[in-house]
Amino acid sequence: QVQLVESGGGLVQPGGSLRLSCAASGNIFRLNAMAWYRQAPGKERELVATIASGGETNYADSVKGRFTISRDNAKNTVYLQMNSLKPEDTAVYYCNARAVVRLSYREFDIWGQGTLVTVSS
């Protein structure tokens with residue numbers, strides 16, 4: 001009913017920047033909180049940043065001051081601007097959204113397919 005599609009991943013050198021995008025589509029009535037998670041090889045998935053429908057944000061300590069999450073409610077899109085990237089930021093980044101669907105007005109927890117970010121020289 002609702003799909004999330006990420007884009008913007010790739011290979012970047014240490015100290016570089018990338019901007020991830022995640023567009024939601026489908027039978028959406030409203031998107032509540034949205035978030036970015038990441039999973040590095042051999043590690044568990046971890047929360048990177050969250051943004052509420054009103055714009056309030058929270059960040060993992062490891063990315064504070066370097067990453068910025070934002071959203072465009074008119075486009076049903078969430079972004080992650082990543083600056084000063086480090087090799088330890090290498091991971092598959094996943095978009096997550098709490099989506100309220102039309103007709104039922106039930107809230108679902110939706111995940112994207114992930115986009116790979118590799119930070120390496």
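The values are calculated or read from the model by the stated rules, or taken from the named source; none is laboratory data. Since the model is a prediction, treat every value here as computed from it, not as a measurement. Please note: Cβ atoms are built from the backbone with ideal geometry, for glycine as well, and neighbour counts cover all protein chains shown. Accessible surface is based on the protein model in full, side chains and every heavy atom, while ligands, DNA and RNA are left aside. Shrake-Rupley method; radii C 1.70, N 1.55, O 1.52, S 1.80 Å.
Pop out the carbon and sulfur fraction of the accessible area of the stretch 29-70 as a percent, whole number, probe 1.4 Å.
Carbon-and-sulfur percentage of accessible area, whole number: 47.
Set the Förster distance to 25 Å, then compute FRET efficiency between Arg66 and Ser7 from the Cβ-Cβ distance, nearest 0.05.
The value I calculate is 0.80.
Using the heavy atoms of the protein chains alone and a 1.4 angstrom probe, what is the accessible area of the stretch 20-72 per residue in square angstrom? Could you put the intermediate results ahead of the total?
Details: 2700 Å² over 53 residues.
So the stretch 20-72 comes to 51 Å² accessible per residue, rounded to a whole number.
Would you calculate the separation in nanometres between label points at Ser120 and Val100, each defined as 7 Å from the Cα along the Cα-to-beta-carbon direction?
4.4
Over the stretch 75-121, what percent of the accessible surface lies on carbon and sulfur atoms, probe 1.4 Å?
C and S fraction of accessible area: 48 percent.
Using θ = phi - 60° and the Karplus form 6.51 cos²θ - 1.76 cosθ + 1.60, what ³J(HN,Hα) does each residue of the stretch 73-88 get, whole Hz, x for Gly and Pro?
Once rounded to whole Hz, the list reads 5, 5, 9, 6, 10, 10, 10, 9, 8, 10, 10, 6, 5, 10, x, 6.
What list of ³J(HN,Hα) values in whole Hz, one per residue of the stretch 106-115 in order, does the Karplus curve 6.51 cos²θ - 1.76 cosθ + 1.60 (θ = phi - 60°) give from phi, with Gly and Pro shown as x?
8, 9, 10, 9, 10, 10, x, 7, x, 9
Kirkwood Rh, the stretch 3-52, all Cα pairs: how many Å?
The answer is 13.1 Å.
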